[in-house]
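Report on the following structure.
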Amino acid sequence: MQKTVIALSDARAPLAIPAAAPLDGRALADTMGRALRDLRVSVTDRCNFRCRYCMPREVFDAGYEFLPHGQILTFEEMVRLARVCAGLGTQKIRLTGGEPLLRRNLDRLVAMMREALPGIDLTLTTNGSALKAHARALRAAGLDRVTVSLDSLDEQTFRAMNDADFPVAKVLEGIEAAAAAGLGPVKVNMVVKRGVNDHQVLDMARHFRGSGHIVRYIEYMDVGSTNGWRMDDVVPSAEIVKAVSARFPLAPAQPNYAGEVAERWRYLDGRGEIGVISSVTQAFCSSCTRARLSTDGHLYTCLFAQRGYDLKTPLRAGASDAALTEAVAGIWQRRADRYSEIRTAETAKARKVEMSFIGG
Ligand code: SAM
């Protein structure tokens, strides 16, 4: 069988950084008036799972070239760029990957972020495989919350989806350890793929109701170019809400803040809530305030981007904070992305950057 070749060099050729227009005391906004409120920082492009919808084994195999050490941002560089974004209005930072807990001494990065940005909302997305061992240290270092990915409670389905034969029980232990360490409420992300794990939607709701953890059902997305995405594989959130509500009645809940990605639904019997993330069937580009910093220091203004802006080169060439601030401001002022609103079968085939590279 012919091996899939992803031309990462194409995907990674950086865009030229545009000059910034003076802010003159005004808040930074892109061409659609959106602020730069959230930054996702990918701390590694490696993962110990090979989820079929994210890092399929045929592509991310022993021959796949992950980033060499020298190209990966140091903790100091990540903190510096985070500070620059915070100076432009960023209020929330999510550490992600790849699998962020594969990066050694991640708690040190958390402590550095916390010291540099005391008031920032600092969170982590993880597959939970190493969370039990790290939860307390992460909390002690200043992490606020975690989101844990778990696509099924059914052993066979989960092991097949992560394609690393990883057991459900260990992720559940990680979730409990995180809650016990004070990293709650824990959000539990389930990507729902038709015919693969949609039979688990109700089981997840039943299991986590009343636990204080919040299940969030995510529509399977056409991120990257390697997962063979098809619209037929997407289970619309409306269908999920209907199915859960038929068994455990739900009512819509107000968003916690403007631009919240998940739509909230609370159980009428008071046993908590679920969230649905409908980036395919109900695009939320118009309220998207997220930028993503890849492991190698490129800034991406859309999860579905084909190219990013290289900030590592100026950073390593000695650019001042003012120059970096101007670079980020210029990039953001030019931003016009609204991929999910204009998605078609054709755009879905475009060569987009992989999610494991820019961070989920
Ligand atoms: N390794 C960490 C984890 O598993 O949470 C962080 C990185 S992972 C790329 C972040 C999130 O993206 C996970 O919840 C994962 O399920 C989700 N994800 C990856 N590919 C996706 C896709 N094609 N559609 C929807 N969600 C996806």
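Figures for the structure shown
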item	result
Accessible area of S225 in the full protein assembly, 1.4 Å probe (Å², nearest 10)	50
Proximal lysines relative to K170, as straight alpha-carbon distance under 25 Å, when same-chain residues fewer than 8 apart are discounted	K132, K187, K193
Long-range HN-HN contacts of L15 with modeled amide H, under 5 Å	G308, Y309, D310
Listed residues Y300, Y64, Y339, most fluctuating in the chain (Gaussian network, C-alpha, under 10 Å)	Y64
3J(HN,Hα) from dihedral phi, region 277-293, Karplus parametrisation 6.51/-1.76/1.60, rounded to Hz, x for glycine, proline	10, 10, 5, 9, 8, 9, 4, 10, 4, 5, 10, 7, 10, 9, 10, 10, 9
The chain: projected area of the alpha-carbon convex hull, averaged over directions, in nm²	17.4
Derived scalar couplings ³J(HN,Hα) [region 31-37; Karplus, 6.51 cos²θ - 1.76 cosθ + 1.60; whole Hz; x for Gly, Pro]	5, 10, x, 8, 7, 9, 8
3J(HN,Hα) from dihedral phi, region 346-354, Karplus parametrisation 6.51/-1.76/1.60, rounded to Hz, x for glycine, proline	6, 4, 4, 8, 4, 7, 9, 6, 6
Amide hydrogen neighbours beyond the local backbone of H298, cut-off 5 Å, H modeled	L311
Ranked order, L15, L101 - accessible area, probe 1.4 Å, largest first	L15, L101
C-alpha center-to-center spacing [region 260-297, region 51-112] in angstrom	21
Cysteines, the chain, no other Cys beta-carbon under 4.7 Å	C47, C85, C285, C288, C302
Gaussian network model of the chain, springs between alpha carbon atoms under 10 Å - residue of I93, I274, I342 with greatest fluctuation	I342
For L95, distant residues with modelled amide H under 5 Å away	V41, T123, L124, T125
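The values are calculated or read from the model by the stated rules, or taken from the named source; none is laboratory data. This is a predicted model, so every value here is computed, not measured. Ideal geometry is used to build each Cβ from the backbone, glycine not excepted, and the neighbour counts take in all protein chains shown. What goes into the accessible areas is simple: the full protein's heavy atoms, side chains included, and nothing from ligands, DNA or RNA. Shrake-Rupley method; radii C 1.70, N 1.55, O 1.52, S 1.80 Å.
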